[in-house]
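Input: a single structure, listed below in structure tokens.
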Amino acid sequence: MSNDSSNTSGKSRGIYLLPNLFTTAGLFSGFYAIVASMNDRFIEAAVAIFIAMVFDGLDGRVARMTNTESDFGAEFDSMADIVSFGMAPALVMYNYALADLGKIGWLAAFIFVAGGALRLARFNTNLGSSDKKFFQGLAIPSAAAIVAGLVWVGSEYGVDGSDMGGFAAVVTICAGLLMVTNFRYHSFKDVDWKGKVSFLVILVIVLAFVIVATQPSLVLFSIFFLYALSGPVLTIKNVKKLKLGHVVGDDDEDDADFNDNKETKKEAEKAEKED
């Protein structure tokens, strides 16, 4: 009997090293955040989550730049994201402010984790058909930045977590629910990073770094908090009448259906009929 079935494609199986190194580094940062929060080192835990965001942003770009994209890398990235941006922020917040709330505390943390898992599953299944200019629902790294940012701000200014348990629970639950809504968020994937810009843009970027460096915890938390609010604002602004399908649900006809998307769908349906 032939043994061709063991190597039908003729290609050697392996894993691309470089992009998966960044993914592993992000996974390690998320795991470290959990361990640090268990030892009451909440500033280190929050910073580790933000570091994981940096690695998460690099792994995909490195894979595309080096032409080392793979199905394994995509799956590994999703598994790392649920740890670094789902479990880690929820447990860091739980250890910091939610533990004293009892059932409400761990339920708030679970809502965030569940929202993150659902967000990743929906993103992975809609990856080929979704509008790349916008995210459907708050991206899980941004939600993690809100939760970790609140912990960082509270720890930086000496606020005891038990004193802000109720507020922390509301923020954690809202961040978790925003991930599974149909609110549209700018993905900034349409920005031409290779294009030329004026000297003024460089000055603005330098100024932005200076502002972040002055109070990194407060500035970063404020940026991602405002970004989270931009989704509902953008949704209300772009629809004539706000419906339940614009907020949550999976109605193929009305789910997050904005004016520009409607025109695109009509053109596609027309082309199919003509074919």
| query | Which ³J(HN,Hα) values in Hz, rounded to whole numbers, follow from the phi angles of region 214-220 under the Karplus curve 6.51 cos²θ - 1.76 cosθ + 1.60, where θ = phi - 60° and Gly and Pro get x? | reply | 5, 9, x, 5, 5, 5, 5
| remark: Here, LYS237 and HIS186, labelled 7 Å along Cα→Cβ, have an inter-label distance in nm of 0.8 nm
| 5 angstrom amide H check on PHE135, placed H, neighbours 5+ away | TYR185, HIS186, SER187
| request: Write out the trypsin sites (Lys or Arg not before Pro) in region 54-111 meeting two conditions: DSSP loop, and at most 10 other Cβ atoms within 10 Å of their Cβ. | output: none
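Step through the table entries LYS103/LYS243; LYS103/LYS237; LYS132/LYS196; LYS132/LYS241, compare each Cα-Cα distance with 26 Å, and write down the pairs that go over it. Write down the numbers at each step before the final one.
Working: LYS103/LYS243 33 Å; LYS103/LYS237 37 Å; LYS132/LYS196 22 Å; LYS132/LYS241 24 Å.
Correct reply: LYS103/LYS243; LYS103/LYS237.
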| Of the listed peptides 83-93, 202-212, 165-175, 110-120, what is their order by residue-averaged count of other C-beta atoms within 10 Å, with the highest listed first? | 83-93, 110-120, 165-175, 202-212
| field | Cα-projected label distance for VAL54 with ASN67, points at 7 Å along beta-carbon direction, nm | value | 3.0 nm
| message | Please give the Cα centre distance for region 35-53 versus region 155-231, rounded to the nearest Å. | response | 17 Å
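What ranking do 145-156, 66-77, 224-235 get when scored by the average of other Cβ atoms within 10 Å per residue, highest first?
Going from most to least packed, we get 145-156, 224-235, 66-77.
Just so you know, all these numbers are worked out from the coordinates, no wet-lab data involved. Quantities reported herein were computed from a predicted structural model and do not represent experimental measurements. Here Cβ is always computed from backbone atoms with ideal geometry, including for glycine, and neighbour counts include all displayed protein chains.
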